Amino acid sequence: MHFPGIISSKLPWAGTTIFTVMSSLATEHEAINLSQGFPNYEVSNELIDLVHHYMRKGLNQYAPMQGVPALRKAIADKSKALYGADVDPDTEVTITSGATQAIYTAITAMIRPGDEVIVLEPAYDSYVPAIELAGGIPVFIQMQAPTYRVDWSLVRKRMTPRTKMILINSPHNPTGSFFNESDLKELDRITDGTEVLIVSDEVYEHLLFDGRRHESVLRYPQLAARSFVTYSFGKTYHSTGWKMGYCIAPENLMKEFRRVHQFVVFCANAPMQYALADFMNNRNYLELPDFFQAKRDRFLELLNGSSFKFVPAAGSYFQLLDYSEITDEKDTDFAVRLTKEHGVASIPTSVFYRQPQDHRLLRFCFAKTDETLIAAANRLQRVRA
Ligand code: PMP
Ligand code: GLN
């Protein structure tokens, strides 16, 4: 079939996302897939039983548009317990089909043609398309390797009367860096007295290591008052394929969010919402930092003595590996060769920039069983200059 007319693409620069490209390549070459970020171990049986229970109970029709009340209440309770935030479950929480939809919806609700949105690069790949589809103009500011700290004075300089929003993400994909208290205070300082909105993508809120504390914008009332904060049940409950997430925002922002949300998906999956509401109350997300830190440490221990160099990730479930001692190939080329010839798939980091910046770094997902990490590290140990 072929459409006979002229198609003027709304995203002319976009190919297929790197996550699909690398996962398909991994499958094709039977490589160990450390590219796309998803765990290769099972979701809790208790959670699966709960979903099953609610399906059997007949809760298989549309959920309320804004989400099941019990789940919104559990989220408000968690936000209070972890971040001291007073979140109204009725007016300030909406359940979404993953964080991707929450981010898309927040941007679509607020950004008009010509609005500028500050994006810190490297940036997760869904942010910029959402901005551009809304007619917004992404304003890119780079975080510098190897620490990937944000130069807030530079952000301040790039703010104009047209700056409508700043997008932040901590713990950070793909670098594994994080924001500390002084970052949040700087962000507060430069936005104070403005009407700039924030989208704070906190999907890795529980994945911060070595005793570090997650600085949610929800801890800072002035920042929370201008923020859409997005989360992913996929990351927290090892269930990325369920595509469940949520957004927290002040009532007047959430009102606009819901105006759009109701026409994007109407509501998120119903039985899973009931199940997650019950399951959240056991607070077992508190075990996640130790759980993932052990995986990071395991992976890095296994890589000692290899030709890859690294700074341990502070957070997220991604580890960057520097391959500059092995080759000076472009990261996109080397990622393909590593998959085909050495049987390990990763994500090249240059794709997280609008103007590709190649720092000879690949991103590896360590949310994998020990067996997989051992097998992958064995293969990586054999990669030499
Ligand atoms: N933001 C970041 C930084 C991510 O890494 C991801 C990937 N899971 C998402 C958002 C999207 O989350 P979800 O799968 O819940 O849509
Ligand atoms: N967030 C995951 C990653 O960064 C994957 C998301 C996706 O496949 N779109 O790998």
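The values are calculated or read from the model by the stated rules, or taken from the named source; none is laboratory data. Note that the structure is predicted; figures quoted are calculated from it, not measured. Ideal geometry is used to build each Cβ from the backbone, glycine not excepted, and the neighbour counts take in all protein chains shown. For the accessible areas, the whole protein counts, side chains as well, though only heavy atoms, and no ligand, DNA or RNA atoms are used. Shrake-Rupley method; radii C 1.70, N 1.55, O 1.52, S 1.80 Å.
At a glance:
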| quantity | calculated |
| --- | --- |
| Listed residues 291, 280, 260: farthest to the positive end of the dipole of segment 207-313 (Cβ charges) | 260 |
| Shape parameters for segment 206-330, alpha-carbon atoms, Rg then Dmax in Å | 19.0, 54 |
| Size-normalised alpha-carbon gyration radius of segment 45-97, reference 2.2 N^0.38 Å | 1.31 |
| Selection from 199, 122, 65, by position along the positive dipole direction of the chain (Cβ) | 65 |
| Spin-label model distance (nm) - residue 88 vs residue 20, 7 Å beyond Cα toward Cβ | 4.0 |
| Summed side-chain charge close to residue 319 - residues other than residue 319 whose Cβ falls under 10 Å, Lys, Arg +1, Asp, Glu -1 | +3 |
| Sites residue 251 and residue 70 - FRET efficiency at Förster radius 35 Å, r taken between beta-carbons, to 0.05 | 0.95 |
| Of every Cα-Cα pair in the chain, the percent that sits beyond 29 Å | 43 |
| Reduced Cα scattering model of segment 1-111, Debye log10 I(q)/I(0), q = 0.14, 0.16, 0.18, 0.24 Å⁻¹ | -1.02, -1.13, -1.17, -1.29 |
| For segment 306-349, average projected area of the Cα convex hull in nm² | 3.3 |
| Positive minus negative residues near residue 146 (Lys, Arg vs Asp, Glu; Cβ under 13 Å) | +2 |
| Pair residue 333, residue 309: separation of 7 Å Cα→Cβ label points (nm) | 2.1 |
| Virtual spin-label span in nm between residue 341 and residue 9, 7 Å along Cα→Cβ | 3.0 |
| For the chain: accessible area per residue (Å², 1.4 Å) | 44 |
| Relative contact order %, segment 90-223, counting alpha carbon pairs below 8 Å whose residues are six or more apart | 23 |
| Principal axis dimensions, segment 138-253 - Cα atoms, whole angstrom, descending | 41, 38, 26 |
| FRET E, pair residue 181, residue 210, Förster distance 22 Å, beta-carbon r, rounded to 0.05 | 0.90 |
| Percent carbon-and-sulfur accessible area, the chain, ignoring ligands, DNA and RNA, probe 1.4 Å | 51 |
| Modelled FRET efficiency - R0 51 Å, residue 294 with residue 158, Cβ distances, 0.05 increments | 0.80 |
| Dipole in debye (nearest 20) - the chain, about Cα centre, beta carbon charges: Lys, Arg +1; Asp, Glu -1 | 440 |
| Segment 195-236 and segment 302-371: distance between their alpha carbon centers, rounded to Å | 26 |
| Rel. contact order, % - alpha carbon contacts under 8 angstrom, at least six apart, the chain | 25 |
| Size of charge dipole - segment 171-285 - debye, nearest 20, with Cβ of Lys, Arg +1 and Asp, Glu -1, no other charges | 340 |
| Linear extension gain, residue 225 paired with residue 260, 0.36 nm per residue minus alpha-carbon span | 10.6 nm |
| Environment charge of residue 329, counting only residues whose C-beta is closer than 10 Å and scoring Lys/Arg +1, Asp/Glu -1 | -1 |
| At 1.567 mPa s and 4 °C, Stokes D of segment 1-56 from Kirkwood alpha-carbon radius, µm² per second | 83 |
